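For reference, the structure discussed in these notes is given below.
What follows draws every value from the coordinates through simple rules; no lab data is involved. These numbers come from a predicted model, not from an experiment. With ideal geometry, Cβ positions are generated from the backbone for all residues, glycine too; neighbour counts draw on all protein chains shown.
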Amino acid sequence: MKPTDPPLRFAVKDRINDREISPSYVPLSLMSEFPKDVAQFLKGSNGDVNPNDIMVSIEPGSLMLAATVLMSAGLCADLERLQSSSGSLNLIDPKRAKIIEHWQALAKKNPHRRYDVGNQATNPFFSINATSDFRKTDDMWVHVEKYVHGKVVDIGGKTKANVHLEIEGGVTLTIAATQTKLAQGEQNRLYRPALLHVIAEENLMTGELRNYELLAFSDYQPRYDDDEFKLMVERGTKAWADVQDATSWLENLRGYQA
């Protein structure tokens, strides 16, 4: 699938009061919720697509949104997996998987509800209805320790202490903490870069992380010290003074010499 493909079409079909829904006859709640689901599906967990850059048209035939979107590698891969999979959501972006699970739950409650996703009105990449069986299997989570770097945008809490850390890409993590840990040290951490030592749960299949807990703030004071750099260069120069050919020296060290 390439960026030059036709618009990606998201359609929801249903019957309300024995009448097919359409752009001129659709519940207000569905009209509001469906575009949000579509935007989240396109965006994914990593911001593959910026919803502000998406132009859509509402087309006749059920409620159909045709999204003109530059297809990212992640979005293309997920659509191909959904098209060819046996129903497993293990390898799909977690947020896209949640949208599919949400649509499937709605369809199972209403036998008339159906969702189609494709780049043409017929032969969609995948469909969701009351008999669909998309699922996650062997969804295993393990405890891990990580270091996460970002900017503290909120910290504290009267009854539920936590740290809101904005990481690369504009994603904000909520990291549970104790008031005791947040009170340690005199440094003002708000709106400043920070390196946090945390524990979390990691999905073995997708790599998704959840349930962050703060272990400690790690020292993070990146700076360039010209005197320290010159001292390191001086030490390195002395240590390598007898090496005339670095390539030969390295090969000999690795045992490559005949």
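What list do you get for 91, 79 if you sort them by fewest beta carbons within 10 Å?
So the ranking, lowest neighbour count to highest, is 91, 79.
Quick one: work out Rg over Rh on the C-alpha atoms of region 8-128, Rh as Kirkwood radius.
0.94
Where does each of 15-25, 147-157 land if you order them by average Cβ count within 10 Å, highest first?
My ranking of the peptides, most packed first, is 147-157, 15-25.
In square nanometres, what is one fourth of the surface area of the convex hull spanned by the alpha carbons of the chain?
Result: 23.8 nm².
Roughly speaking, what is the centre-to-centre gap between region 164-237 and region 102-153 when only Cα atoms are used, to the nearest Å?
Rounded to whole Å, the Cα centres lie 32 Å apart.
Could you check what % of the DSSP bridge pairs in region 141-218 are antiparallel, to the nearest 5?
Rounded to the nearest five, the antiparallel share is 95 percent.
Could you list which residues have their amide H under 5 Å from that of residue 45, counting only those 5 or more apart in sequence or on another chain, with H placed in the peptide plane?
95, 96
Tell me, Kirkwood radius of region 56-184 from alpha-carbon pair distances, in Å?
Roughly 18.3 Å, rounded to one decimal.
HN-Hα J couplings of region 171-188 from phi, Karplus 6.51/-1.76/1.60, θ = phi - 60°, integer Hz, Gly and Pro as x?
Listing the rounded values in order: 6, 10, 9, 9, 10, 5, 8, 10, 4, 4, 5, 6, 7, 5, x, 9, 6, 7 Hz.
Considering the Cα positions of region 141-218, please state its Rg to one decimal place and its Dmax as a whole number of Å.
12.3, 40
Can you tell me which of 94, 51, 27 moves the most in a GNM of the chain? Springs connect C-alpha atoms under 10 Å apart.
27
For the ranges 186-192, 174-180, what's the packing order if you count other beta-carbon atoms within 10 Å of each residue, average per peptide, and put the highest first?
Ranked by mean Cβ neighbours within 10 Å, highest first: 174-180, 186-192.
Run the reach check for residue 36 against lysines, Cα to Cα strictly under 22 Å, same-chain hits fewer than 8 apart removed. What comes back?
Once the sequence-local lysines are set aside, what remains near residue 36 is 13, 95, 98, 108, 109.
Under a GNM of the chain (C-alpha, springs under 10 Å), which listed residue has the highest mean-square fluctuation: 127, 248, 62?
With Cα springs under 10 Å in the chain, the top fluctuation among 127, 248, 62 is at 248.
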